[in-house]
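Below: the structure, in structure tokens.
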Amino acid sequence: MALTLYIHPLASFCHKVLIALYEAGTPFEAKVVDLMDPEENARYLEVWPVGKIPVLHDGARDRIVPETSIIIEYLDRHYPGNEPLLPRDEALALEARLWDRFFDLYIQVPMQKIVTDMLRVSGENDRRGVADAHAALATAYDLAERQLTDRRFAVGEAFTLADCAAAPALFYAGIVQPFSGTHPSLSAYFERLLERPSVQRTLAEAKPYFNMFPYKEAIPARFL
């Protein structure tokens, strides 16, 4: 098999790429990486010295492709599905890239700040940083609410790169800072994302690992 994706099944950024692969129906091998295992981590650093996941290896082209947005664009170019994840229209493509970055930087990143702070040793917590992250999520929810008022998906009627980013970001962010009771358009959009078989499959594969999530008690019962 040409494509190998190095992942952890619980990681939200890995979910983003998995959703893209499942949307396109692209064959690949998923290789789970345990970064907490010193020997396995050392082997992985030979693949990608930065040490972050996910990373795609394209054996057919002998190419290592890091960074989720780049991976999805690479797949869309070399291993496309029936529908492009990056719109062919230049204006829509730019908007898809914008909202891809929005969901990554303004929802995924603050959500991860809140979650990782729960994993810190007592006394090393960053209360100010967590408060700032909650405030950033509140602002992002408001912006997304306005964007999604009259759209089926992030940039229109078609599912794109931006929606691949949105689904895992909103899944985890909605657990640490719920939006269902305050942002109706964002909530309805998230429900539409949950209807996608690609999203359902990704969450089903993550389910056995939910007990590792620091906020596992707050995961809605419908996902368990």
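Under 8 Å for C-alpha pairs, at least 6 residues apart: give me the relative contact order for the chain, rounded to a whole percent. So the answer I get is 23 percent. Of all aspartates and glutamates in the structure, those lying under 12 Å Cα to Cα from Lys52, and not within fewer than 8 positions of it along the same chain, are Asp34, Glu67.
Among the protein heavy atoms of segment 145-187, carbon and sulfur supply 51% of the accessible surface, probe 1.4 Å, non-protein parts ignored. At the residue level, His8 shows approximately 40 square angstrom of accessible surface with a 1.4 angstrom probe and all protein chains present.
Ordering Thr26, Thr116, Thr149 by accessible surface, largest first, gives Thr149, Thr116, Thr26; the 1.4 Å probe counts only protein heavy atoms, with every chain in place. Protein heavy-atom accessible surface, 1.4 Å probe, per residue over segment 1-41: 43 Å². Here the ratio of the Cα radius of gyration of segment 18-128 to 2.2 N^0.38 Å is 1.30.
Segment 10-58 and segment 137-193 have their alpha-carbon centroids 25 Å apart.
Rounded to two decimals, the Cα-based Rg/Rh of segment 53-100, with Kirkwood Rh, is 1.01.
The order of Trp48, Trp99 by accessible area, most exposed first and with a 1.4 Å probe, is Trp48, Trp99. Screening the chain for whole DSSP H helices of 20 Å or more along their axis (Cα) with average Kyte-Doolittle hydropathy at least -1.0 returns 127-147, 161-176. Measuring with a 1.4 angstrom probe and ignoring ligands and nucleic acids, Met1 comes out at about 150 Å² accessible.
With each run of n ≥ 4 DSSP H residues scored as -39500 (n - 2.57), what mean residue ellipticity at 222 nm is computed for the chain after dividing by its residue count and rounding to the nearest 500 deg cm²/dmol? Intermediate values should be presented prior to the final figure.
Details: 9 runs with 115 residues, N = 224.
Only helices count here, giving -16000 deg cm²/dmol.
The calculated FRET efficiency for the pair Val32 and Ala60, based on their C-beta separation and a Förster distance of 30 Å, comes to about 0.85.
Summing Lys, Arg as +1 and Asp, Glu as -1, what charge do residues with Cβ under 10 Å from the Cβ of Ala20 carry, Ala20 excluded? Mind showing how you got there, number by number?
On the way: positive: Lys16; negative: Glu23, Glu73, Asp76, Asp163.
Surrounding charge for Ala20 is -3.
Here the chain was treated as a single set of alpha-carbon atoms; its pair distances binned every 5 Å from 0 give 1, 7, 14, 18, 20, 18, 12, 7, 3, 0, 0 percent.
The values are calculated or read from the model by the stated rules, or taken from the named source; none is laboratory data. Just so it is clear, the model here is predicted, and its values are computed rather than measured. Cβ sites come from the backbone with ideal geometry, for glycine too, and all protein chains shown count toward neighbours. Each accessible area value is taken on the protein alone, full model and side chains, heavy atoms only, with ligands, DNA and RNA left out. Shrake-Rupley method; radii C 1.70, N 1.55, O 1.52, S 1.80 Å.
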